[in-house]
Amino acid sequence: ILIVEWEANKRELEQILYESFEGWYLRHSLKKLYEVPVIFAALSGEEAVGIAMLEILNSSSSYIFYIAVKKRFRGSGIASRLVRCS
């Protein structure tokens, strides 16, 4: 698993949110996906399998809006790695 700052098409990340949230949280996370300035993605090969959406507060801290991981990759430490990169 490789963690990268995501700069490609954000629509490719929507499926992760559909697998991770429902109701209000799903709607809000989809909205935030297109508003946040920084997204880190966990890649398995070329497939995005996890994301962290954040707002940079200053040079040493940031606010994490959402972390989400595709169902089949959960339990493998991806979310923890995304938090450490954030």
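The values are calculated or read from the model by the stated rules, or taken from the named source; none is laboratory data. Being a predicted model, the structure only gives us computed values, none of them experimental. Don't worry about glycine lacking a Cβ; one is built from the backbone with ideal geometry, like all the others, and counts go over all protein chains shown. Each accessible area value is taken on the protein alone, full model and side chains, heavy atoms only, with ligands, DNA and RNA left out. Shrake-Rupley method; radii C 1.70, N 1.55, O 1.52, S 1.80 Å.
Figures for the structure shown
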item: Residue under evaluation residue 82, criteria (1) open to solvent by 20 Å² or more (accessible area, probe 1.4 Å); (2) touching a residue at least 40 places away in the same chain (Cβ under 8 Å); (3) within 16 Å of residue 1 (Cα to Cα); (4) touching a strand residue (DSSP E or B) at 6+ places or on another chain (Cβ under 8 Å), criterion not met; result: (1)
item: Some residue of region 16-30 being of a type in the set (Lys, Arg) and in contact with a Phe, Trp or Tyr (Cβ under 7 Å, 6 or more places away or on another chain); result: no
